[in-house]
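Heads up, the thing below is written out as structure tokens.
The values are calculated or read from the model by the stated rules, or taken from the named source; none is laboratory data. All values derive from a computational prediction rather than experimental measurement. Note that each Cβ is placed from the backbone with ideal geometry, even for glycine, and that neighbours are counted across all protein chains shown. To get the accessible areas, we keep the full protein, side chains included, count just its heavy atoms, and leave off ligands, DNA and RNA. Shrake-Rupley method; radii C 1.70, N 1.55, O 1.52, S 1.80 Å.
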Amino acid sequence: MIKYFSTAILLLVSFSIYAQEGTFSPYSFLGIGNDSFKGTAENRAMGGLSSAADSIHLNLQNPAAYGDLSYTALAASMTVNSLKTETNTLSESQTYTTFDYLAIGIPFNRFGVGAGIKPVTSVGYNIETIENEFSNQFEGKGGLNSVYFSVGTELFNNFKIGGSVNYNFGTLDYQNIVSQSQVQYATREIIKNEIRGFTFDLGVMKDFNISKNTYLRASASYQPEAELDATINRRLASVQLFTDNNVVVIDENNLPERTSTLTIPSKTSLGLGLGETRKWYIGADYVAKEASNFNNLDFNFDSDVSYNSSQTFKLGGYFTPRYNDPVRFYNRLTYRAGIRFEETGLNYRGEDINEFGITFGIGIPAGRVFTNANIGVEYFTRGTKNNNLIQENYLSVFLSFSFNDKWFIKSKFN
């Protein structure tokens, strides 16, 4: 299994390194960037549903799901994103690729443990504004990632509990250039924010048997508020700009390094679903996150920006006609779909920046035991064209591989 998994990972990484950027979103100009989806491709294809879990698939959103694992699972995913940004008068298109996560889950008796790496936020923009005699150029890139360790177990009678420790790290790079007509030199500011620190997740799941194969599932997860350490470096320079976008530094000063903290707000997720084992599942999620505050760090900030509490609604599910059909391959496919609506909490120029998305996906058996590939499509919009703002339209195609096997089994000899 490890040989096949390594080959798949090399292919995914090779594709994702080319043109790798976390985002090209103008809205990542504000705060610490856009939130990244922190679940698997299977859950993403169901609108991001967090309550769907079973014995062979990983669930990165609720650590209690590790108590369900019966097979070792190795998983990785990548996404190709097509983004079209629109105003009332202009439009622009971008295509970029992301490597979404690398994860492993291993069952140990009554426990399941997991580890991996996944994105947290992403920054990527290049904005130019011209007002009166002044021209402003803003560029940003980077983001936060998380290395995590999770453990989950079934305490009693289909009641599972779990927790995760996440080490968050990343660098946010900003460059701002301000120039004035009839003035020879422009002013350039470069900011580098290096962020490090831990966050924690707690999760529970409870299944209620309705009939022999049908069950009702309730789930919840909670991430307490946490503080991350930030090291901030700033450089100010007088520069000369040329028409071919070359920049010549005339004089530059490094400002004293300083440290600060970044507060990650608390988040609560609640889920409820109904399903039949190895056949179908439909569920709904509600996610609430407290308001963010980035005033204490050197981030781009605008007096027209405010951060409020956010909430997300998700609805999704899957259907497998017959998972063990020996003849008809299409009956062994898993069909997934979902929708979501998110109030991001970001308000700019009096307009709420919200998201709406729909997703579809197919799980494809790809080998022995329960190894499978997953391909999905997501279309979602962010923002609005009201009040001279930007609407983002995304079409994302994501691909994942999940390899399953039995590990740590003692050999038996007659």
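Below, the figures for the structure above:
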| quantity | calculated |
| --- | --- |
| Flag if V151 is modelled with pLDDT of 95 or more, surrounded by fewer than 21 Cβ atoms within 10 Å (Cβ to Cβ), within 30 Å of K206 (Cβ to Cβ) and not aromatic (F, W, Y) | yes |
| Test: residue in region 301-309 that is at pLDDT 85 or above, in contact with a helix residue (DSSP H, G or I) (Cβ under 9 Å, 6 or more places away or on another chain) and surrounded by 14 or more Cβ atoms within 10 Å (Cβ to Cβ) | no |
| Matching residues in region 353-378 - criterion: being loosely packed, with under 15 Cβ neighbours inside 10 Å and either among the acidic types (D, E) or more than 24 Å from T320 (Cβ to Cβ) (or both) | F356 |
| Number of the condition not met by A186 [criteria: (1) buried (at least 17 other Cβ atoms within 10 Å of the Cβ); (2) touching a residue at least 60 places away in the same chain (Cβ under 8 Å)] | (2) |
| Hits in region 127-154 (condition: touching a residue at least 40 places away in the same chain (Cβ under 8 Å), in a strand (DSSP E or B) and more than 19 Å from the chain's Cα centre (by Cα)) | I127, F134, S135, N136, Q137, F138, V151, G152, T153, E154 |
| Qualifying residue in region 160-177 (condition: open to solvent by 30 Å² or more (accessible area, probe 1.4 Å) and of a type in the set (S, T, Y)) | yes |
| Near pairs, Cβ below 8 angstrom, 6+ apart or cross-chain, from region 233-244 (open to solvent by 50 Å² or more (accessible area, probe 1.4 Å)) to any residue that is assigned to a loop (DSSP other than H, G, I, E, B) and modelled with pLDDT under 85 | R234/D298 |
| Output for region 248-273, where each listed residue is open to solvent by 30 Å² or more (accessible area, probe 1.4 Å) and in contact with a Gly (Cβ under 7 Å, 6 or more places away or on another chain) | L272 |
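Rundown of residues vs (1) among the polar types (S, T, N, Q); (2) modelled with pLDDT under 95; (3) part of a strand (DSSP E or B), yes/no style:
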{"position": "Y167", "(1), (2), (3)": "no, no, yes"}
{"position": "Q175", "(1), (2), (3)": "yes, yes, yes"}
{"position": "R188", "(1), (2), (3)": "no, yes, yes"}
{"position": "S221", "(1), (2), (3)": "yes, no, yes"}
{"position": "L228", "(1), (2), (3)": "no, yes, yes"}
{"position": "Q240", "(1), (2), (3)": "yes, yes, yes"}
